[in-house]
1. Taking every DSSP beta bridge with both residues inside segment 1-133, roughly what % is antiparallel (nearest 5)?
2. Can you tell me what share of the DSSP beta bridges in the chain is antiparallel? A percent to the nearest 5 is fine.
3. Which of Ala198, Pro269, Thr403 sits farthest toward the positive end of the charge dipole of the chain, with +1 on the Cβ of Lys and Arg and -1 on the Cβ of Asp and Glu?
4. With each run of n ≥ 4 DSSP H residues scored as -39500 (n - 2.57), what mean residue ellipticity at 222 nm is computed for the chain after dividing by its residue count and rounding to the nearest 500 deg cm²/dmol?
5. For Ala173 and Leu50, calculate 0.36 nm times their separation in residues minus their Cα-Cα distance, and state this gained length in nm to one decimal.
6. What are the ³J(HN,Hα) couplings of segment 154-159, residue after residue, when phi is run through the Karplus curve with 6.51, -1.76, 1.60 and θ = phi - 60°? Round to Hz, x for glycine and proline.
7. Under Stokes-Einstein, with the Kirkwood radius over Cα pairs standing in for Rh, what whole-number D in µm²/s applies to the chain at 4 °C and 1.567 mPa s?
8. Between segment 414-437 and segment 148-223, how many Å separate their Cα centres?
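Every number here is computed from the coordinates shown, using simple stated rules; none is lab data. None of the values given here were measured: they were computed from a predicted structure. Backbone-built Cβ (ideal geometry, glycine too); neighbour counts: all protein chains shown.
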Amino acid sequence: MNNLIPHYLPQPQTTYRHAVVIGGSIAGLTAARVLSDHFDRVTIIERDLLPEQPTHRKGVPQGRHPHVLLLGGLRVLEQQFPGITEELHTAGAVPFNLGSEARLHLLGQWRVRYHSAYTVLAVTRPLLEETIRHRLLANSRITFLPGLEAIGLCTDAANTRATGVQLRQRNGAAWQIEADLVVAADGRGSRAAEWLTALGFPTPHETVVDAQPGYATRFYRLPESVRHDWKAMFLQPLAPDQQRGALLLKVEDDQWQLTLIGMAGDHPPTAEAGFLDYARSLVAPDVVNFIQDAEPISPIWGYRRMENRLRHYEALPRYLENFLVCGDAAYAFNPAYGQGMSVAAIASMKLDDCLRQQQGDLAGLAARFQKALTTVIDAPWQLATGQDRDWQDGDDAPTDRMTRLVQGYIRRVLLTMMVDPVVAEAFLAVQQLLAPPTRLFHPDVLWRTLRPYRRLTSPSDARSGELVGSATADVLA
Ligand SMILES: Cc1cc2nc3c(=O)[nH]c(=O)nc-3n(C[C@H](O)[C@H](O)[C@H](O)COP(=O)(O)OP(=O)(O)OC[C@H]3O[C@@H](n4cnc5c(N)ncnc54)[C@H](O)[C@@H]3O)c2cc1C
């Protein structure tokens, strides 16, 4: 892998001295990459000891579950780490075409299969993280301090500015590290808000939209004799009726990662028999047929805590200067929409913008960055919560006429994309974070969506989603 890593010379002139990032996961790693263009030194504090090989680690328990990397995220990673797409591919990540090699079942039918302009990479979370970490290890401005837990912030005498981080070693010994900028990327369970409160700063209020999703994931291998002409299959749950779904992905080392998904608390069991029964209960038999052919190569792991949670750092009346919060620590999405890592990568570029615009010292950066973050989060938050509000218990907030019109239109877009590659491509562009949601209101989508459509109902179409052509094919009546 190492000979694929470009050298980071010459590196840009820096303006500042030392930044400390808390958390060595995707948000922390991408933030550190950006900071290394602006700071002489960047230190990443990570509670876990970091593995040499791609493997699951305690601090990222979600890592056993599928981690879809959207094209919007991959493009940013490619910009930050030139050649990483090729490197992931060489390490075994599986490219697949979102139109022809991904099967989608939604609203009672299979989407037509066609050649899409979009090809993504399926990769497990440990391999992705390790690949990024290796790139950063080759960056002379970045240092990892694994096995250290951040337990609080240090501030200046006037208590206006962060000056470092309080740390605890694995043997319990306390320690401090000085910094000109501290970035908290410590995930969903972030302590950043508590640290601010302890220092007398206001705590951000939170918006939570909880569709109570649950995952159960298992890895499989297929015998040589069984081959599929697809590499991903998604049976998408959809409010209000279809609580159960599944995602099946071909990933590196000839492994298949199957996740059963249950919304609104209808969670898939992690016991053998219950897992199989749940798979049997799905809207299409394809998952169970897959399992019957395949050999399980892992236990079944469950995951429950996956609500959308937005901590409103952008709305604080007063900021601790030189302290930023990013990644899941600030905004965490229901992962069924596959957005967290990609949004973290895109958000790190916002940090780059803010640092480029910064004049002189770092005063005002905290407020500017947290507010700028909302421009990145808005669309993915709407995408995730627009659906999830329909599942959420007790969400009886009245919907106005315009909201109901938009919801009705989006449902019609979903229906149309099942049979119309042009609409499917527009939807993919939005879902992959390549285009804003307004793309779905572009005239070419609008008129296709609003005219009468022909639902594919022939048994073969309904069974497998036949390949019908290219993104320009018109299968409407
Ligand atoms: C089940 C599940 C499936 C998911 N699937 C997808 C998907 O398909 N696609 C996608 O893009 N995203 C997915 N996500 C979201 C994704 O995991 C996160 O958005 C992504 O990892 C970015 O998170 P992060 O770096 O902010 O935090 P995390 O990944 O949670 O990492 C936080 C890091 O901080 C460290 N840490 C925590 N506290 C401290 C401390 N006090 N001191 C030092 N270190 C600390 C932890 O050890 C960890 O390394 C999924 C999430 C879940 C739960």
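1. Details: 6 of 12 bridges.
The answer is about 50 percent antiparallel.
2. 65 percent
3. Thr403
4. That calculation yields -9500 deg cm²/dmol at 222 nm.
5. Numbers: separation 123, 0.36 × 123 = 44.28 nm, distance 1.97 nm.
Stretched fully, the Ala173-Leu50 segment lengthens by 42.3 nm.
6. With the stated coefficients, segment 154-159 comes to 9, 10, 6, 4, 7, 6 Hz.
7. After rounding, the answer is 55 µm²/s.
8. Measuring centre to centre over Cα atoms gives 36 Å.
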